[in-house]
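The values are calculated or read from the model by the stated rules, or taken from the named source; none is laboratory data. In this text, all values refer to a predicted model and were calculated from it rather than measured experimentally. Cβ placement follows ideal geometry from the backbone for every residue including glycine, while neighbour counts extend to all protein chains displayed. The area values use the complete protein model at the heavy-atom level, side chains included, leaving out ligands, DNA and RNA. Shrake-Rupley method; radii C 1.70, N 1.55, O 1.52, S 1.80 Å.
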Amino acid sequence: MIGVSLPVIIGASGVLAGRLYSEQWSWRALPIVAEPSLVALEPAHALPRTVSVLAMLEAQRLLEDGRPYEAWETVIGHIDELGPAGYGVNLLAARAAAEWEGWGQVRKVLVDRPWLANVSRGDGLYYLALAEEQLGNTPGAEPVYRSYLELPEVNYRGQALARLALILSGSGNAAESAESYEAAAVELPEIEDWLLLRAREERTSAGETLVSASVTERRSGSHPVRALRVLHDAGVMLDEGKTEAAAALLEYEATILKADGGPAEAALLKLRLAKLHRETGAASSERDVLREVAADAGATPESRMEAAERLGVVALPRTIEEDLARAAAYEVAGRPGRAASSLRAALDAGAPETRENRLRLARLLYDEHDYGPARAAFQRVAEMTPREESETRADAELNAARSLFRGSTASRSRTTAIGEFTRIAQAFPGTAAAGSAHFLLGDEASSTAAGLAHYRQAAAVVHSPDAREALFRVGDRSLKLGRPADAIEAWEEYLRRYPTGEQSAKIGYDTGQLHETAGRRESARRMYLASISAEPTSYWAVRSGERAGVPPLREVKLNPRAWPGLASDPGEAIAVLHRLDRLKEAGLDEARETEYRAALRDFAKKPVALLTLAEGLRDRGQVVEAMQLGNRLLAQRNGLWDERLLRLVYPFPFRNLLVAEAERVGVDPMLYAGLVRQESAFRPRVRSRVGAVGLGQIMPATGRDLAAALGIREYDVSMLEVPEINVRMGTRFLGDLVRRYGGATDLALAGYNAGPARADQWRKRFSYGHDTDAFRAAIPFSETRNYVMVVLRNAAIYQGLYGQPEILPPVALGGAIP
């Protein structure tokens, strides 16, 4: 033991504690109150407090490292000690518990503490009120918020006022709720519009007579707030019997909102206007408004479908324009059957009998799987099309035959359809429909060789929608017939035509394998590089990188792609993020969701703003939304990756925790990160349909066994929602499997997903160790087969993004690849 005098320890701890002390602290910076008198105390009295301060320092470090549960356990034994340092322990424990959503524990360390109002500007009171609210005890939260707000200086006045207003509203105290919202608006200017709207609604509920919002007020705030304010004021006017004024307000403000770039919100006002027309017996005006909304491309699909539904119950007959608007609305909403019914009604009522309208009807019927009417509609299109317009006519005849084929299981009908495919292929050579006809004939061929012949002809029609798959099947069937050279020829042509995409990445890898087996090392390397280029985030690119010794993300990281946009776009997104933060803090969850959806619409054509928004959401722990936006941006860029997109779609929350726990048990941290992304998308509290819980999706029974092995006391299933506990269990379980299988990560992953017993069976049954690809492809459970490949793919991506990527030596098979 190093000999250090007790006064030195006490003095050092006092200095360190002082550095962490802060009169103003947030969720990320907690006060640890220094007690200068520590050095003046007798050692017997000073030692307990010194230990507490050191525990607080360690807990603070754990919090900064993303380990709130461990921080809680570190300080929980030191709560309620005397003096300011003791208060700091309680506050630190409360913050730690709040971060892992242990609101019961927050309450435990703060309730009935008389000093809460006197320390750190009363932050303990705010935490306690939050805890009562989150635990569903709003009657208990109300007096705590009131006590907090009585203090002269506090850190979260606006948030507390808004949350108190919400509680008061729920208890029927509308007038005081309005006052609280108005006071909150002064403190939280970023969401002033929402808070004043809530105050206005509460004053109306309290029976107060309000003056309608001025033009300036109605033009202020976000589009959703403006629409809701108009709806509120129109409702007040209706209650006062001012029907015409309400209708005029709705119509005028809808026009203004649409002109200001808020067509979705304008549609909401129009729908309310239509309802008002119905209530006042103005059926014709109602129909005009509903038709306008149903046909409005700027309205949301939900609003358009609502308008279409309401048009469907008006008195018949509907006009042609109404049925066409309904058809458009249903089509956008993904309801092809209803769209077809509306379009047919319009045609029957005299809508132009154009070929385009008939073709649209036929396709809607086909999408609805209403194959009999679809066949008749396609035949009608063919009759309307001159033979010299061969592409259009052949397509209509092909779809008529396809409708017959899919719509009947009777052999006679299917034989008739196959005969029609043959006739189309012969009568319209070189058309896209002829290529598709050959493709369908290949599917129905009596032998592999006969099918191959049809697939070749289908692949030759490059502009056919089935040409790509046909060319793949040429290679696949050639391989099955023992013709590897023909397969290579077909697949190399495939990569020349279609150089990008997951399928291209697989074909590149498979073709590289064929070359490598034949000893053509340079050709194999060329194909492996083509696989990586096709889709660098695919499993096949990872495998190709392993064969060629090339990290699959190298080119993506070396060649960043520009993001077109205005200099103001990031600032717009940051402003939205701040509004979302304030709305969440104020307890206005519904308003936050409304603002978020509005931002997605506003940023639809602003990729830089959408990217900035997604990155902000990721950094705030809203990983699923960030990943969804990342994939949306990827689609907009036609699959073109860059490092910012990769870090959105493959985020790494809880990074310090995952790395430390994985390294503790000798597991590759990037492998475990890839596993967690697949298991839970980094959602700590998610539960599967079979009961698996948390980041690593651990089953409760497995958790009980692991808790005993790890010495976790008083195990409860809810503990699996705590990241530190779940990650410690998950890494321990995976580490045991990796050691069980001698470092074979694919076997370990198969055991994690399907259970070690099944992995043991597959290891023996499929002769593990002879051919890696063959073993993985042979795993009989499709879920486990895909799981193994996806997690290994994820691990390679995480290594390339967050680790120290290695230049892997090429695997020697048929000779090393230079």
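When you go through (1) β-branched (Val, Ile, Thr); (2) open to solvent by less than 20 Å² (accessible area, probe 1.4 Å); (3) within 13 Å of Tyr126 (Cβ to Cβ) one by one for Val154, which number turns out not to apply?
If we test Val154 against (1) β-branched (Val, Ile, Thr); (2) open to solvent by less than 20 Å² (accessible area, probe 1.4 Å); (3) within 13 Å of Tyr126 (Cβ to Cβ), just (2) comes out false.
Would you call Ala599 of a type in the set (A, V, I, L, M, F, W, C), at pLDDT 95 or above and within 30 Å of Leu257 (Cβ to Cβ)?
Here the answer is yes, as Ala599 does meet what is asked.
Could you grab me the full set of residues in region 255-281 that are among the aliphatic types (A, V, I, L, M) and open to solvent by less than 30 Å² (accessible area, probe 1.4 Å)?
Leu257, Ala264, Ala266, Ala267, Leu269, Leu271, Leu273, Ala274, Leu276
Could you check region 614-666 and list, in sequence order, the residues that are within 21 Å of Gly800 (Cβ to Cβ), part of a helix (DSSP H, G or I) and open to solvent by 50 Å² or more (accessible area, probe 1.4 Å)?
Within region 614-666, Arg618, Asp619, Asn631, Glu643, Arg644, Arg647, Arg655, Asn656, Glu663 qualify.
Looking at region 764-780, which of its residues are surrounded by 15 or more Cβ atoms within 10 Å (Cβ to Cβ) and under 21 Å from Leu675 (Cα atoms)?
Correct list: Phe775, Arg776, Ile779.
Which residues, taken from region 454-478, are open to solvent by 70 Å² or more (accessible area, probe 1.4 Å) and among the hydrophobic types (A, V, I, L, M, F, W, C)?
Ala460, Val462
Of the residues that sit in region 630-644 and are without any contact (Cβ under 8 Å) to a residue 24 or more places away in the chain and not polar (S, T, N, Q), which one is farthest from Pro684 (Cα to Cα)?
Applying the filter and picking the extreme gives Ala635.
For Ala604, only one of the following conditions fails: (1) within 28 Å of Gly621 (Cα to Cα); (2) in contact (Cβ under 8 Å) with a residue 12 or more places away in the chain. What is its number?
(2)
Please verify whether Gly451 is open to solvent by less than 10 Å² (accessible area, probe 1.4 Å), more than 19 Å from Leu398 (Cβ to Cβ) and not acidic (Asp, Glu), treating the condition exactly as stated.
Against the criterion (open to solvent by less than 10 Å² (accessible area, probe 1.4 Å), more than 19 Å from Leu398 (Cβ to Cβ) and not acidic (Asp, Glu)), Gly451 does not qualify.
Tally the residues that are in a helix (DSSP H, G or I), open to solvent by 50 Å² or more (accessible area, probe 1.4 Å) and either closer than 25 Å to Thr409 by Cβ or without any contact (Cβ under 8 Å) to a residue 24 or more places away in the chain (or both), restricting the search to region 338-359.
4
How many of the residues in region 716-731 are open to solvent by 50 Å² or more (accessible area, probe 1.4 Å) and among the hydroxyl-bearing types (Ser, Thr, Tyr)?
Matching residues across region 716-731 total 1.
If you go through region 110-122 one residue at a time, do you hit one that is of a type outside the set (A, V, I, L, M), surrounded by fewer than 18 Cβ atoms within 10 Å (Cβ to Cβ), under 30 Å from Ile725 (Cβ atoms) and touching a helix residue (DSSP H, G or I) at 6+ places or on another chain (Cβ under 6 Å)?
no
Could you check region 315-336 and list, in sequence order, the residues that are assigned to a loop (DSSP other than H, G, I, E, B) and closer than 13 Å to Leu364 by Cβ?
Ala333, Gly334, Arg335
Ala329: in contact (Cβ under 8 Å) with a residue 12 or more places away in the chain and over 27 Å from the mean Cα position of the chain (by Cα), yes or no?
No; evaluated as a whole, the condition is false for this residue.
Residue check: is Val738 surrounded by fewer than 24 Cβ atoms within 10 Å (Cβ to Cβ), among the hydrophobic types (A, V, I, L, M, F, W, C) and more than 20 Å from Arg793 (Cα to Cα)?
no
Okay, residues lined up against (1) assigned to a loop (DSSP other than H, G, I, E, B); (2) hydrophobic (A, V, I, L, M, F, W, C); (3) in contact (Cβ under 8 Å) with a residue 12 or more places away in the chain; (4) within 19 Å of Ala591 (Cα to Cα):
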{"site": "Glu201", "(1), (2), (3), (4)": "no, no, yes, yes"}
{"site": "Leu210", "(1), (2), (3), (4)": "yes, yes, yes, no"}
{"site": "Pro224", "(1), (2), (3), (4)": "no, no, yes, yes"}
{"site": "Leu228", "(1), (2), (3), (4)": "no, yes, yes, yes"}
{"site": "Ala246", "(1), (2), (3), (4)": "no, yes, yes, no"}
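Look at region 677-715 and say how many of its residues are under 19 Å from Tyr69 (Cα atoms) and buried (at least 19 other Cβ atoms within 10 Å of the Cβ).
Counting residues in region 677-715 that are under 19 Å from Tyr69 (Cα atoms) and buried (at least 19 other Cβ atoms within 10 Å of the Cβ) gives 11.
Would you mind telling me which numbered condition in (1) out of contact with any Phe, Trp or Tyr (no Cβ under 8 Å at 6 or more places or on another chain); (2) more than 15 Å from Pro607 (Cβ to Cβ); (3) part of a helix (DSSP H, G or I) Ala673 fails?
Result: Ala673 passes all but (1).
Is it true that some residue in region 99-113 is among the charged types (D, E, K, R), under 27 Å from Asp589 (Cα atoms) and not in a helix (DSSP H, G or I)?
Yes - at least one qualifying residue is present in region 99-113.
Give me the residue from region 483-536 that is under 16 Å from Ala470 (Cα atoms), buried (at least 21 other Cβ atoms within 10 Å of the Cβ) and of a type in the set (Ser, Thr, Tyr) and, out of that set, farthest from the chain's Cα centre (by Cα).
The qualifying residue farthest from the chain's Cα centre (by Cα) is Tyr494.
Which residues, taken from region 563-595, are surrounded by 20 or more Cβ atoms within 10 Å (Cβ to Cβ), of a type outside the set (D, E, K, R) and under 17 Å from Val225 (Cβ atoms)?
Correct list: Val576, Leu580, Leu583, Ala586, Leu588, Ala591, Thr594.
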